[in-house]
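These notes are about the structure you will find just below.
No lab work stands behind these numbers, since they all come straight from the coordinates. Because the structure is a prediction, the values reported are computed rather than measured. We place every Cβ from the backbone using ideal geometry, glycine too, and count neighbours over all the protein chains shown.
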């Protein structure tokens, strides 16, 4: 036999065994030596060469390791039919030679053991689908191969934009109902003609349209804004929350199950158009778009609907007062909620009343006046003199100021008493706020004054 014939025979035998004859090439001289036996027939020589090749193959198989097989795969010297594709790493993760080769793009063109899986069920096909440029063959059809969470090869390909143009199994889903379409929508890999926007997951009813809106991947001509999750949260809500509504959008009254409109969501993020005028759109609590705008400081400079109120009577003005964002010329201080708390109560609590404010006797349902709140929060003006203003229990502004150490140095109405007879002096003494005024009080008492 000639050297070429011996090599061709060796190649066939090694490939049949799932090997590339790298070691065999190095031993070709031994085989050629057999071929040169003078006292043997051609048939005997061939039989002896075949016998030696079988021994070589047996030896190589017995000495095959993960590292050696990995090296063969890296250099594309492991044929598709090799039994070594399934060799697993020594770290007990179940990662096979085929997984590694798929990541490198080194799998043979006729490789078909796509189902080989690691300990998490992640198959060779999953790796190939995720690899740069996508390493799956053009005729690949096993898109439903799934890991232990039901995550299919199609999900992976959808994430990386490696699905074929004619893919049509968009409803294929993992164990939570998250479809291939959801994953493609999240990463902007849905085809231009996609129309299965209603596909939803199992847990929350989140649709493909919702995901596409959330990640800014809706087509320009999309118009199905009312598609909603189980809670009624619509595609429009998702789009406005992430700043992806079209400029000409005008369906601001689309609302979820609680009446929370797209306009509410938009004002939360400061995304209402400049010409917006539907401030009275309200949810089931009566909380209007204007309330939400006031909460986040997004009311326009010319806003005037301060009296809009929720079901508790809390007005837009109350919210703006709490944020210290009432306009300088605001004068609707008597606007009150159902418990009588006025805008003035809230404003004084936040130190936001104008210097010329004079309606100190505005009171809530318990008789607590604006002055009471001012005294409790150290916001009484220096010239305040309506100390006798009292709540329903007779507790005066002076009592409140005494309790909080906010009485002026020249205060003299110590005899003011509540309905239980407790005087301002007694409150100040109990709370330890007499300080310097106590000395003056004792001086006045020594003159024969009775309190």
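When ranked by the protection proxy of mean other Cβ atoms within 10 Å per residue, highest first, what sequence do the peptides 217-229, 372-384 form?
With the highest mean Cβ count within 10 Å placed first, the list reads 372-384, 217-229.
Residue 325 to residue 378: extension gain in nm, 0.36 nm per residue of separation minus the Cα-Cα distance?
Roughly 17.1 nm would be gained on extension.
Plugging the Kirkwood radius over Cα pairs into Stokes-Einstein for the range 228-308, at a temperature of 4 °C and a viscosity of 1.567 mPa s, what D comes out in µm²/s?
103 µm²/s
List, largest first, the extents of the alpha carbons of the chain along their principal axes, each in whole Å.
Principal-axis extents of the Cα atoms in the chain, largest first: 149, 54, 31 Å.
Based on the Cβ-Cβ distance of residue 251 and residue 120, what FRET efficiency does E = 1/(1 + (r/R0)^6) give at R0 = 45 Å, to the nearest 0.05?
E between residue 251 and residue 120, to the nearest 0.05, is 0.55.
Kindly state, to the nearest 0.05, the FRET efficiency for residue 203 paired with residue 4, given R0 = 56 Å and r defined as their beta-carbon distance.
That gives a FRET efficiency of 0.30.
For helix 435-445, report the angle its Cα long axis makes with the longest principal axis of the Cα atoms of the chain; keep it between 0 and 90° and round to the nearest 10°.
Computed tilt is about 20 degrees.
What whole-number volume per residue, in cubic angstrom, does the convex hull of the C-alpha atoms of the range 371-414 give?
Per residue, the Cα convex hull of the range 371-414 comes to 66 Å³.
Computed FRET efficiency, Cβ-Cβ of residue 221 and residue 285, R0 45 Å: what is it to the nearest 0.05?
0.80
At 0.36 nm per residue, and after removing the present C-alpha to C-alpha distance, how many nm does the segment from residue 358 to residue 388 gain when stretched out fully?
9.3 nm
So, in Å, what gap is there between the alpha-carbon centers of the range 247-279 and the range 380-415?
47 Å
Rounded, prolate or oblate: which one fits the range 99-173, using the alpha carbon gyration tensor with axes a ≥ b ≥ c (rounded when a/c is under 1.5, else prolate when a/b beats b/c, else oblate)?
Cα axes put the range 99-173 in the oblate bin.
According to a simple spin-label model (label point 7 Å from Cα along Cα-to-Cβ), what is the distance in nm between residue 196 and residue 304?
In this crude spin-label approximation the distance works out to 5.4 nm.
Cα axis of helix 3-16 to longest principal axis of the chain: angle in degrees, 0 to 90, nearest 10?
Taking Cα atoms only, the helix is inclined about 40 degrees.
Could you work out how much longer the chain between residue 55 and residue 242 gets when fully extended? Use 0.36 nm per residue separation minus the Cα distance between them, nm to one decimal.
That works out to 60.6 nm of additional length.
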